[in-house]
Amino acid sequence: HSPLYELICADALRLYELIGCRGLARADFRLDGEDYNCLEINTIPGMTETSLVPKAAAAVGISFEALVDDLCRSALAAD
């Protein structure tokens, strides 16, 4: 991955932690050349078959069913 990609990933994680998120969230950034800005941290991202989270999970071999199961188990264990 490029250094810019690594910077954006690090900033996304830092924002996630700073805001106090738990579980699943999606960070949206706007890229303009080498400059970037965070648009939002979406703490309730879409979970339809066309949403980004299930597509990202599928890209690394995680089925929708396994994703939902993991999210539910994580939520129950968090309290």
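The values are calculated or read from the model by the stated rules, or taken from the named source; none is laboratory data. Because the structure is a prediction, the values reported are computed rather than measured. Ideal geometry is used to build each Cβ from the backbone, glycine not excepted, and the neighbour counts take in all protein chains shown. Note: accessible area is taken over every heavy atom of the protein model, side chains too, but ligands, DNA and RNA are not part of it. Shrake-Rupley method; radii C 1.70, N 1.55, O 1.52, S 1.80 Å.
Remarks
- Backbone phi angles across the range 47-59, fed through the Karplus curve with coefficients 6.51, -1.76 and 1.60 (θ = phi - 60°), yield HN-Hα couplings of 10, 7, 5, 9, 7, 5, 4, x, 5, 5, 4, 4, 5 Hz in residue order; Gly and Pro are listed as x.
- Accessible solvent surface per residue of the chain, calculated while the other protein chains remain in place, 1.4 angstrom probe, Å²: 77
- Once the chain from Tyr5 to Met47 is taken as fully extended at 0.36 nm per residue, the excess over their C-alpha distance is 12.7 nm.
- Using the average count of surrounding beta-carbon atoms within 10 Å as a protection proxy, the listed peptides 9-16, 43-50 rank, highest first, as 9-16, 43-50.
- Each residue of the range 18-32 is assigned a 3J(HN,Hα), and the resulting list reads 4, 6, x, 5, 10, x, 8, 8, 10, 9, 9, 10, 10, 9, 9 Hz, derived from the Karplus form 6.51 cos²θ - 1.76 cosθ + 1.60 (θ = phi - 60°), x at Gly and Pro.
- Surface composition of the chain: carbon and sulfur make up 58 percent of the accessible area, probe 1.4 Å.
- Value of D in µm² per second that Stokes-Einstein yields for the chain, Kirkwood Rh from Cα pairs, at 10 °C (1.306 mPa s): 113
- For the range 7-25 and the range 46-79, distance of Cα centres in Å: 18
- If you plug the beta carbon distance of Ala75 and Glu34 into 1/(1 + (r/R0)^6) with R0 = 30 Å, you get a FRET efficiency near 0.20.
- Close amide H pairs (under 5 Å, H built 1.01 Å from N) link Phe29 with Leu39, residues at least 5 positions away or on another chain.
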